[in-house]
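Each remark here refers to the structure printed beneath this line.
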Amino acid sequence: MIDACLLSQRDRDLAVQNVGGIGNVTYLPPWPKDPGDHLAPPEGIKGWDTGPGNALIDWAVSQLSDGQKTYDHSGQWAAQGTPHQGLIEHWLQHPFFQAAPPKSTGRELFGASYAERCWQEAQTHSLSDADLLATLTDFTAATIELSYRQFLPQVPSEVLIGGGGSHNQYFMQRLQQRLPSANVCPTDQRQLNADYKEAIAFAMLAYWRWHRIPSNLPSVTGATRPCLLGEIWMP
């Protein structure tokens, strides 16, 4: 609901793609908003977890730097390598990517154990450190592309990126190349700071709860009905 109210456009569809440790998307069809009906979004809004976001990349950076680095700043390390498309295609065969939404995942599936397996498979192809990071980064972009092509009515006109992935320029370039018909850009370009989006979202959820306004979307969460989210505890 937050993405729908803050970022929907009247004349085009878009995807709001968060790239934190795990990736998740909200698909927003065109919404000719009525100012008096701002919490009645159109049919067709979808949302689900797309798979790993930065989790695998961050794990690999920590391993390759002996713990001296925790992330690939702006994707500069990965940009020095070449992604191995054969490995990416192999990793995309994971059952999670074939399952239909609504669905969710986390580090229990795409965490250290999965990253270790990816690293071992990469070593059989004699990849350099930069090649490994390029492959993991492009893999994240590939999971997003696959999700859109499998489960959306069409590739959206615009893809707005939030979370730490919005600062990874190599990832942004790879995703743009995979989705050439879409405009891929950070949410900042739509007046929503990617670093503070989550804080803004929780403030809005609190406002809606206080005013007893349902703020879930059953088409996204799989819930049976709209409902109030959270509880109010007075001091």
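The values are calculated or read from the model by the stated rules, or taken from the named source; none is laboratory data. Note that the structure is a prediction, hence the values are computed from the model and not measured. Here the Cβ positions follow ideal geometry from the backbone for every residue, glycine too, while neighbour counts run over all protein chains shown.
Overview of results
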{"read-out": "Residue under evaluation Gln177, criteria (1) assigned to a helix (DSSP H, G or I); (2) under 15 Å from the mean Cα position of the chain (by Cα), criterion not met", "value": "(2)"}
{"read-out": "Selection count where residues are touching a Phe, Trp or Tyr at 6+ places or on another chain (Cβ under 7 Å) and charged (D, E, K, R), scope the stretch 50-74", "value": "1"}
{"read-out": "Verdict on Gln169 being farther than 21 Å from Tyr71 by Cβ, among the polar types (S, T, N, Q) and out of contact with any Leu (no Cβ under 7 Å at 6 or more places or on another chain)", "value": "no"}
{"read-out": "Residue that is farthest from the chain's Cα centre (by Cα) [pool: residues in the stretch 100-110 that are touching a residue at least 12 places away in the same chain (Cβ under 8 Å) and exposed (fewer than 14 other Cβ atoms within 10 Å of the Cβ)]", "value": "Ala100"}
{"read-out": "Where Ser113 falls short, out of the listed (1) assigned to a loop (DSSP other than H, G, I, E, B); (2) without any contact (Cβ under 8 Å) to a residue 12 or more places away in the chain", "value": "(1)"}
{"read-out": "Selection count, the stretch 1-24, where residues are part of a helix (DSSP H, G or I) and modelled with pLDDT of 95 or more", "value": "0"}
{"read-out": "Residues satisfying the stated conditions in the stretch 116-138, i.e. closer than 11 Å to Arg178 by Cα and in contact with a Cys (Cβ under 9 Å, 6 or more places away or on another chain)", "value": "none"}
